[in-house]
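Worksheet: the structure to be examined is printed underneath.
The values are calculated or read from the model by the stated rules, or taken from the named source; none is laboratory data. Small disclaimer: the values here were computed from a predicted structure and weren't measured. Don't worry about glycine lacking a Cβ; one is built from the backbone with ideal geometry, like all the others, and counts go over all protein chains shown.
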């Protein structure tokens, strides 16, 4: 089954709840290797998204996603705003006029979003960023979509891939952003951006299963 607009709105609302609940944890992760503001930023950004939703939730999916992106760009500080803002905006651009998201659309959405992260942050695999989670997840989504899996099955399959990728950021040494200043002291800490990205996948699975 494809993701319908009601489920998309539920996903965004649930993400707001999750980023509120996880604000302190994400900030603790960021305090170890960054600016100690990632949880605060994600919470603020999605609170603003929820404020904007009523004006666009009847519009097409592309418009909704672009609105999420523009809202995050304008309300989230640090690297998170441009990276996540571009992720959602690029995803919205490839889903213009869509009323539901099938497996091919889902791949295009995530592919465009990850492309936005690459454009903005220019990360490489192993740099200890959110890209270390999204790269293997995107590869698995393509494999599943090519196999004809529906979106719910794809999300079920990518969750453990994302979970492993998240854990794999812990032994990495950061090569990007404020964390890179720490050198070897960044080793042993889970990347905050990869963590907030994992919550996107985990929350989507919960929405599709409900």
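Pairs please, first residue from the stretch 23-49 and without any contact (Cβ under 8 Å) to a residue 12 or more places away in the chain and on the phi < 0 side of the Ramachandran plot, second anywhere and assigned to a helix (DSSP H, G or I) and surrounded by fewer than 20 Cβ atoms within 10 Å (Cβ to Cβ), Cβ atoms under 6 Å, 6+ apart in sequence or on different chains. Listed pairs, sorted by first residue: none to list.
Only one residue in 73, 89 is over 19 Å from residue 14 (Cβ atoms), surrounded by fewer than 19 Cβ atoms within 10 Å (Cβ to Cβ) and in contact with a helix residue (DSSP H, G or I) (Cβ under 6 Å, 6 or more places away or on another chain). Which one? Lay out the reasoning, then the answer.
Details: 89 fails: surrounded by fewer than 19 Cβ atoms within 10 Å (Cβ to Cβ).
Exactly one of 73, 89 is over 19 Å from residue 14 (Cβ atoms), surrounded by fewer than 19 Cβ atoms within 10 Å (Cβ to Cβ) and in contact with a helix residue (DSSP H, G or I) (Cβ under 6 Å, 6 or more places away or on another chain), namely 73.
It is to be established whether one or more residues within the stretch 45-63 are crowded, with 16+ Cβ neighbours inside 10 Å, at pLDDT 95 or above and over 24 Å from residue 99 (Cα atoms). Yes, because at least one residue in the stretch 45-63 is crowded, with 16+ Cβ neighbours inside 10 Å, at pLDDT 95 or above and over 24 Å from residue 99 (Cα atoms).
Does residue 190 satisfy the criteria of being modelled with pLDDT under 95, over 17 Å from residue 118 (Cα atoms) and out of contact with any strand residue (DSSP E or B) (no Cβ under 9 Å at 6 or more places or on another chain)? Break it down stepwise before answering.
Numbers: modelled with pLDDT under 95: no; over 17 Å from residue 118 (Cα atoms): yes; out of contact with any strand residue (DSSP E or B) (no Cβ under 9 Å at 6 or more places or on another chain): yes.
No, not satisfied.
Selection of helices (runs of 4 or more DSSP H) fully inside the stretch 93-173 by the criterion of at least 3 residues being free of Cβ contacts under 8 Å to residues at least 60 places away in the same chain and out of contact with any helix residue (DSSP H, G or I) (no Cβ under 7 Å at 6 or more places or on another chain) returns 131-146, 151-167.
Residue count for the stretch 174-187 under the criterion of being assigned to a helix (DSSP H, G or I) and surrounded by 14 or more Cβ atoms within 10 Å (Cβ to Cβ): the result is 5.
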